[in-house]
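Heads up: the structure comes next, in structure tokens.
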Amino acid sequence: MDARAEKKDQILHAAEAVFVRYGFARTTMGDIAKAAGMSRPALYLQFRDKEAIFTRVIENMDAQALTSIRTAIAKIRPLDEKLLHACTSWGIHGIELAASFPDAADLFDLQFRAVRQVYRSFQALVVEILKENLESWPIPVPPEDYALTLTYGMRGLRYAAQDVEDMRRLVGIHVAIYSKILTARA
């Protein structure tokens, strides 16, 4: 890795901590520069603006989360358990962050293109899990629509959940219902 790439990694690592603590709205380029141990002008030489940094932070967090989920589900056999692990890991992470850092909710705001891409990436992972684990598709909607409703259904659950543990319980119910329709016999 060259010096410029190392510097960008250092900035992104520092920026992640700042965005998690203060959210997008409250974070300034000055905050990021300070956390990265550099001046604002030096930061602007690496990134054009706060949104560019935020986008890269979200992309990195997403890549790490998906890698972790893929590694874990490779060791799990039953489809329902794979889906439960993937959905719990992915769906609870944001709730845990927001519980510790209320301003971190910005990291999951769909107004940001990078956040919408996180949702699309998770949906693609769900489709991948389904296609690898089912010989034939058992319901009259495409796997992509199944993944979309599963994913956004979890997002809706956060409004009903009382706390992190309740969210975990609700995700478990949600996944159990979605899993059952894949294995139900007519």
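What the table shows:
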read-out: Mean Cβ neighbour count within 10 Å, used as a protection proxy, ranking 26-32, 148-154, 75-81 highest first; value: 148-154, 26-32, 75-81
read-out: Shape of segment 64-162, Cα gyration tensor, a/c cut at 1.5; value: prolate
read-out: Helix axis angle, 164-183 relative to the chain longest principal axis, alpha carbon, degrees; value: 40
read-out: Highest-fluctuation residue, I173, I53, I129 considered, GNM on the chain with Cα pairs under 10 Å; value: I173
read-out: Size-normalised alpha-carbon gyration radius of the chain, reference 2.2 N^0.38 Å; value: 1.16
read-out: Largest-first principal axis extents of the Cα set of segment 108-168 (Å); value: 37, 28, 18
read-out: Between 0 and 90°, nearest 10: helix 3-26 axis offset from the chain longest Cα axis; value: 70
read-out: In degrees, nearest ten, helix 143-160 long axis to first principal axis of the chain (Cα); value: 70
read-out: MRE, 222 nm, helices only [DSSP H, n ≥ 4, -39500 (n - 2.57), over the chain, to nearest 500]; value: -26000 deg cm²/dmol
read-out: Gaussian network model of the chain, Cα within-10 Å springs - most flexible of A74, A14, A33; value: A74
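Values in this text are rule-based calculations from the coordinates and carry no lab data. It should be emphasised that the depicted structure is a prediction, and the values quoted were computed from it without experimental measurement. Don't worry about glycine lacking a Cβ; one is built from the backbone with ideal geometry, like all the others, and counts go over all protein chains shown.
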